[in-house]
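Trainee: Encoded as structure tokens, here's the structure I'll be asking about.
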Amino acid sequence: MLDRVLASIKAELQEVQNILAKTYQIRAGHLGRFARLIPGSFHDFIRPALVLLSARIFAPPNSQAVALAAVIQFIYLAARIHRNVRECPVPGDPKDGYQFPVLVGDYFYSRFFTCLCDHGMVKYLNPLSRIICEISEGSILRVQNGDGLQNADLLKQIVFKETATLFGGGCRLAGDLAGASEREQKALDRLGTSFGMAVGLSEYAQETNGYLKEALVALTGLPPGESRDTLEQLIRLFQKQNAGLAVQVG
């Protein structure tokens, strides 16, 4: 079902994966030897897909949109690997320790900057750096409060910082790249942030329908067309299959 929904951007998603795959092999070996790279297919495509679809609402696909989608995924990978670092690692697989995963996470952060430079998008360094700061603040809150599971408001704050800001920022920057107006960029930000809240809260088995409805409302502020329709289908599919969708905790 997901393949059918995302058929219109299949080629661009593959281009994103090609950019990522080229960075996985370094002189020391494949990065999968040193850290657990990705939790599953949903997180492998959802952020790049939102970036690509947001851009396609306003302009035909191009190499910069693909690169921006890869940049957002680099940031996600870096943050997720850092999130999984064990404070007190146990003997065994080095991928579950802290030294290698920290280094791999830092490597992905450096790759996002390189990707921006290579594709003439250094102007996005400032907003993306601010998003990374938000993610880090969310991680500190989560560790400090034991995931914040007992406090609904705190949990939402953590999810907003760790997950939703990257979703929203990715959609907004994609719109800016493709020539969206300020009003349309704000609608994209609301769309991505709301959907990101739903994705993040689903990892904690929390209610998500309210945020998915907000995402659908934000969608109405965007120009109609195939890409907007695809975004709606993606949101409704997540809404329908939320309980069974393979959204694995990163």
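The values are calculated or read from the model by the stated rules, or taken from the named source; none is laboratory data. None of the values given here were measured: they were computed from a predicted structure. Every residue, glycine among them, receives a Cβ derived from its backbone with ideal geometry; neighbour counts consider all protein chains shown.
Trainee: Checking the conditions here, which among L191, L201 is among the aliphatic types (A, V, I, L, M) and in contact with a Cys (Cβ under 9 Å, 6 or more places away or on another chain)?
Mentor: L191
Trainee: Related question: What residue, among those in the stretch 111-126 that are over 17 Å from the mean Cα position of the chain (by Cα) and assigned to a helix (DSSP H, G or I), is modelled with the lowest pLDDT?
Mentor: Ranking the qualifying residues of the stretch 111-126, first place goes to T114.
Trainee: Also, I was wondering about something else. Only one of R142, R228 is closer than 27 Å to N62 by Cβ and out of contact with any Phe, Trp or Tyr (no Cβ under 9 Å at 6 or more places or on another chain); which?
Mentor: From the options R142, R228, the qualifying one is R228.
Trainee: Still on this structure, please answer the following. Would you please name the residue that is modelled with the highest pLDDT, looking only at residues in the stretch 33-92 that are among the charged types (D, E, K, R) and over 26 Å from L219 (Cβ atoms)?
Mentor: Among those residues, the one meeting the criterion is R80.
Trainee: A further question on this structure: When the residues of the stretch 174-205 are narrowed to those that are more than 23 Å from A67 (Cα to Cα) and among the hydroxyl-bearing types (S, T, Y), which ends up surrounded by the fewest Cβ atoms within 10 Å (Cβ to Cβ)?
Mentor: Out of the qualifying residues, it is Y204.
Trainee: Which of (1) modelled with pLDDT under 95; (2) in contact with a helix residue (DSSP H, G or I) (Cβ under 6 Å, 6 or more places away or on another chain) is the odd one out, the single condition Q206 does not satisfy?
Mentor: It is condition (2) that Q206 fails.
Trainee: Taking A215 as the residue in question, decide whether it is crowded, with 18+ Cβ neighbours inside 10 Å, in contact with a helix residue (DSSP H, G or I) (Cβ under 9 Å, 6 or more places away or on another chain), in a loop (DSSP other than H, G, I, E, B) and modelled with pLDDT of 95 or more.
Mentor: Answer is no for this residue.
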